[in-house]
Amino acid sequence: MRLYIIRHAETEHNKLGLIQGSEVDSNLNEIGKQQSDLFFDFYKGINFEKIYTSGLKRTFQTVQRFIDIGIPFEKFDEFNEISWGVNQGQNDDLKEYKELTESWKNGYLDNKFDMGESPNEMVIRLMMGFERIIKENFSKVLICIHGRALRIILSKLIDNDLRKMDKYNHSNTGLYILNYNKEIFSLKLSNDRTHIK
């Protein structure tokens, strides 16, 4: 099984450097629409058997052109972005944001903002979604999720160590390719943006 996993295309929150979690259901901006078109034009020849997105609009909009040509799709709320709680919408140079993400690197994976979600909480729901995909047993699938979600799931699947999440860089429509065979995930491509001209 081969899994093509991308982060959604750009939104205004991305452009402005604002924290955008599960409670922010933003649309793609004009640059994001261009990115999603370029991704579609580059990868439309891949025979994806199914597409999975989060329950948030920005992931669906990113891969909508694939869906429009008839590829089956499913929305998984389990793939929604992490909740940043009281700091949703704040600038991502917020001191508390940097302190929180730094604490995760040091193994404090239950830390979270008030009314937010920790990596240890998030990875449970992310894995529920991935287990559903694996059971469906397609050969090639396309998955569109979010930046922090991408980091957490890759560090779980590849390293089994969430402290390593920040080694997985992500860009809008950056592509990761994973192979799955006999319960082992292997990383074949990281944050590739060859499609962006």
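So what are the ³J(HN,Hα) numbers for the range 131-140, from phi and the Karplus equation (6.51, -1.76, 1.60; θ = phi - 60°), rounded to whole Hz, Gly and Pro as x?
Once rounded to whole Hz, the list reads 5, 5, 5, 4, 5, 6, 6, 7, 7, 9.
For the chain, give me the percentage of DSSP beta bridges that are antiparallel, rounded to the nearest 5 percent.
Percentage antiparallel, nearest 5: 50.
What are the ³J(HN,Hα) couplings of the range 179-187, residue after residue, when phi is run through the Karplus curve with 6.51, -1.76, 1.60 and θ = phi - 60°? Round to Hz, x for glycine and proline.
Values per residue, Gly and Pro as x: 9, 10, 8, 6, 6, 10, 9, 10, 8 Hz.
Can you list residues whose amide H is under 5 Å from Leu189's amide H, if they're 5+ apart or on another chain and H is modeled 1.01 Å from N?
Amide H neighbours of Leu189: Ile177.
Please tell me the relative contact order of the range 35-144 in percent, rounded to the nearest whole number, where contacts are Cα pairs under 8 Å and at least six residues apart.
35 percent
In a Gaussian network model over the chain where Cα atoms closer than 10 Å are linked, find which of Arg148, Arg132, Arg163 has the largest mean-square fluctuation.
Arg132
Calculate what fraction, in whole %, of the accessible area of the range 46-197 sits on carbon and sulfur atoms when a 1.4 Å probe is rolled over the protein chains.
C and S fraction of accessible area: 44 percent.
Students often get this wrong: which residues of the range 106-136 have the backbone nitrogen under 18 Å from the point 7 angstrom along Cα-to-C-beta of Glu99?
Under 18 Å, as judged by backbone N against the label point of Glu99, lie 106-119 of the range 106-136.
In whole angstrom, note down how far apart the Cα centers of the range 87-147 and the range 26-74 are.
What the calculation gives is 21 Å, centre to centre.
Kirkwood hydrodynamic radius for the range 146-185: how many Å is it when counted over pairs of different Cα atoms?
Working: mean 1/r = 0.0945 Å⁻¹.
Radius from the Kirkwood sum: 10.6 Å.
In the range 32-81, what GluC sites (Glu not before Pro) fall in a loop by DSSP, with at most 15 other Cβ atoms inside 10 Å?
Working: sites: Glu49, Glu74, Glu78, Glu81; in loops: Glu49, Glu81.
Passing sites in the range 32-81 are Glu49.
So how do 19-28, 133-142 stack up, highest first, on mean other-Cβ count within 10 Å? Let's see the in-between values first.
Working: 19-28: 18.9, 133-142: 14.6.
Result, highest mean Cβ count within 10 Å first: 19-28, 133-142.
By how many nm would the segment from Ile134 to Val86 grow when fully extended, if each residue of separation counts as 0.36 nm and the alpha-carbon distance is taken off?
Details: separation 48, 0.36 × 48 = 17.28 nm, distance 3.43 nm.
Extending this stretch completely gives an extra 13.9 nm.
Asn191 versus Ile67, label points 7 Å from Cα toward the beta carbon: distance in nm?
Label at Asn191, label at Ile67, 2.7 nm between them.
Can you put Tyr43, Tyr108, Tyr180 in order of accessible area, largest first, using a 1.4 Å probe?
I get Tyr108, Tyr180, Tyr43, largest accessible area first.
Say we join alpha carbon atoms closer than 10 Å with springs in a Gaussian network model of the chain; which of Gln35, Gln61, Gln90 then has the biggest fluctuation?
Ranking Gln35, Gln61, Gln90 by mean-square fluctuation puts Gln90 first.
Over all directions, average the projected area of the Cα convex hull of the chain and note it in nm². Walk me through the numbers before you get to the answer.
On the way: hull surface 40.2 nm².
Computed as one quarter of the Cα hull surface, the answer is 10.1 nm².
How many Å² of accessible area per residue for the range 1-149, probe 1.4 Å?
46 Å²
Could you tell me which residue out of Ile152, Phe42, Gln90 lies farthest along the dipole of the range 33-182 toward its positive end? Charges go on the beta carbon: Lys and Arg +1, Asp and Glu -1, centred on the Cα centre.
Farthest towards the positive pole: Phe42.
Given a 10 angstrom Cα cut-off, can you work out which residue in Lys112, Lys95, Lys167 is the most mobile in a GNM of the chain?
Of the options given, Lys95 has the highest mean-square fluctuation.
The values are calculated or read from the model by the stated rules, or taken from the named source; none is laboratory data. The model shown is predicted, which means the values in this text are computed figures rather than measured ones. Cβ sites come from the backbone with ideal geometry, for glycine too, and all protein chains shown count toward neighbours. Ligands, DNA and RNA are excluded from the accessible area calculation, which covers all protein heavy atoms including side chains. Shrake-Rupley method; radii C 1.70, N 1.55, O 1.52, S 1.80 Å.
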